[in-house]
Every structure is written in C-alpha cells, then in structure tokens.
Amino acid sequence: MTPTDTGSPGSPERFERLMEVVSLASVGEYAAALAHCAALQEDSFGMLEEGLRVFIGELRDGKREREEAAAALASAQEEIETKLALIEAQSREITALSTPILDVWDDVLAVPLVGNLDHARTLDITEKLLQRVVERRTRWSLIDLTGVDEVDEATADHLVKLARAVALVGGRCIVTGVSPQAAQTFVSLGHGLGELRCLPNLKEGLRHCLAARSGANTARGRGQG
C-alpha cells in the first residue's frame, strides 16, 4: 500500500478517524470500520493504525466463520429434527401395524398379535383395546396369540388383567391360538385365568361369540314376548 499524507502523527484528523474505526468495530460493523482505515504511513501512529486494521480484519473473518458455523449447525439441527419426526411417525405406524384391532362382526373385535409380547407392548394393547371397547360398546374381544413367539409369566399376567379390565367396561375377552408353551404359562399363574376364556383358534372364538350373541338375542326376544 502506498503511503499518503493523511495528517501528521497524532493529528486530530487521524485520531478522529481512528476513533470512528474503533466505534464501528465495537458494534460489529467490521467492513465499514476497515473502509475508514487510513492508508499506511510509516510512523508510530501508522503502525498503530495498521495493527488495528489487522485486528479488525481478524474480527471480521471470525464473525464470518461463526455465522457460517451457526448456519451449518442450524441446518444440521433442522435435518436431525426432520429425521426424528420421520422416525417417530414410522414408529407409530409400525406400532399400529403390529397391534391391529379389527371389527370382525357386530359387537366383536379381533386383535391378531404377531411376534414377541413384552411389557410395553402389552400395556399398549390394553390401552388401545379398552378405548375401542368403550367407543364401540363392543361385547367381545378376541385376542389371537397364533403368531406370538413366546408368552412369559409377566405377559400372561398382563393378559389376565386385560381381560378383567375389559370386563369392567362391559366386555368379554377370549384368547385364541394359545400354544402348548403359553398354556403351561397360563396354568402356572397362581390366581388362575379369572375372566380370561381360551379357545383353540380364531374361528372357534368367533363361533363362540356368534353363538353367545344369538343366545342373548333369543333370550331377549322371549323376555319381550
């Protein structure tokens, strides 16, 4: 940079310019501050001005880097939130698919279960089934275990409690497709099956519900007659 005559060392003009530069830099206006810097003069005040110019340039570059980093972080955060929302939506869909509640007949719901029944899943089934029983005023709920890999004592206990909860809201629970291993687990429960009725398969469960429904209608007709 070619030296120019911008005043003698320590002159009011150079001092005022320097204060203007400092003032602009203090509020983050680094580009404007650099534009106000005087051309380099080879004197003691000029060295101060040059040092201040370098310092402000570093501040400007640091600010730019921070802004770029903040923008990248915000973009990454937005991407993470989008992925988490997608994962959550997929999880809800998987849960819904893994615990379908089907209307198979008037007053009859079927819940065909597949895979493992752990504590969390059993509680989820209980909550959803009770809600549907109350909403639809369903009389019978068929819990089909044909596709369940294993039923431990805790899960069997939850199913017994599910049957009792359904009974409390005016329904009846029937478990179908019980494997020999699951049957032994149910038998091992000290308090018995309570309100839980077991039948060989879903077909037999539905036949039982229809027969009970027909019998109830016949009894009602006789009572009215």
Quiz item: Do you know which of the residues in the stretch 1-23 that are assigned to a helix (DSSP H, G or I) and aliphatic (A, V, I, L, M) is modelled with the lowest pLDDT?
Solution: LEU18
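Anything in the stretch 24-35 that is touching a helix residue (DSSP H, G or I) at 6+ places or on another chain (Cβ under 8 Å) and either closer than 10 Å to ILE56 by Cβ or part of a helix (DSSP H, G or I) (or both)? List them, or say none.
In the first step, residues of the stretch 24-35 are kept if they are touching a helix residue (DSSP H, G or I) at 6+ places or on another chain (Cβ under 8 Å); the result is 24-25, 28, 30-34.
Correct list: LEU24, ALA25, TYR30, ALA31, ALA32, ALA33, LEU34.
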Quiz item: Identify, please: which residue in the stretch 78-105 is closer than 27 Å to ALA154 by Cβ and at pLDDT 85 or above and is, among those, surrounded by the most Cβ atoms within 10 Å (Cβ to Cβ)?
Solution: ILE101
Quiz item: If only one of THR122, THR82 is in contact (Cβ under 8 Å) with a residue 24 or more places away in the chain, among the hydroxyl-bearing types (Ser, Thr, Tyr) and out of contact with any strand residue (DSSP E or B) (no Cβ under 7 Å at 6 or more places or on another chain), which one is it?
Solution: THR122
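Using the structure shown, decide if TRP140 is in contact (Cβ under 8 Å) with a residue 24 or more places away in the chain, among the aromatic types (Phe, Trp, Tyr) and surrounded by 18 or more Cβ atoms within 10 Å (Cβ to Cβ).
yes
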Exercise. Could you please find all residues in the stretch 137-161 being within 29 Å of the chain's Cα centre (by Cα), in a helix (DSSP H, G or I) and either among the β-branched types (Val, Ile, Thr) or modelled with pLDDT of 85 or more (or both)?
Key: THR155
Exercise. Kindly indicate whether THR126 is assigned by TED's automatic domain parsing to the domain that holds ALA212 and closer than 16 Å to ALA182 by Cβ.
Key: no
Exercise. Answer with yes or no whether GLU68 is of a type in the set (Asp, Glu), on the phi < 0 side of the Ramachandran plot and outside the structural domain of VAL187 (by TED's automatic domain parsing).
Key: yes
Practice problem: Would you check which residues across the stretch 106-135 are at pLDDT 85 or above, over 20 Å from ARG197 (Cβ atoms) and not polar (S, T, N, Q) and list them? | Solution: GLU127, LYS128, VAL134, GLU135
Quiz item: Taking the stated definitions as given, is ASP107 of a type in the set (Asp, Glu) and closer than 20 Å to GLY205 by Cα?
Solution: yes
Quiz item: Residues in the stretch 210-218: is at least one in the same structural domain as THR122 (by TED's automatic domain parsing), within 21 Å of VAL134 (Cα to Cα), in a loop (DSSP other than H, G, I, E, B) and at pLDDT 85 or above?
Solution: no
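The values are calculated or read from the model by the stated rules, or taken from the named source; none is laboratory data. All values derive from a computational prediction rather than experimental measurement. Ideal geometry is used to build each Cβ from the backbone, glycine not excepted, and the neighbour counts take in all protein chains shown.
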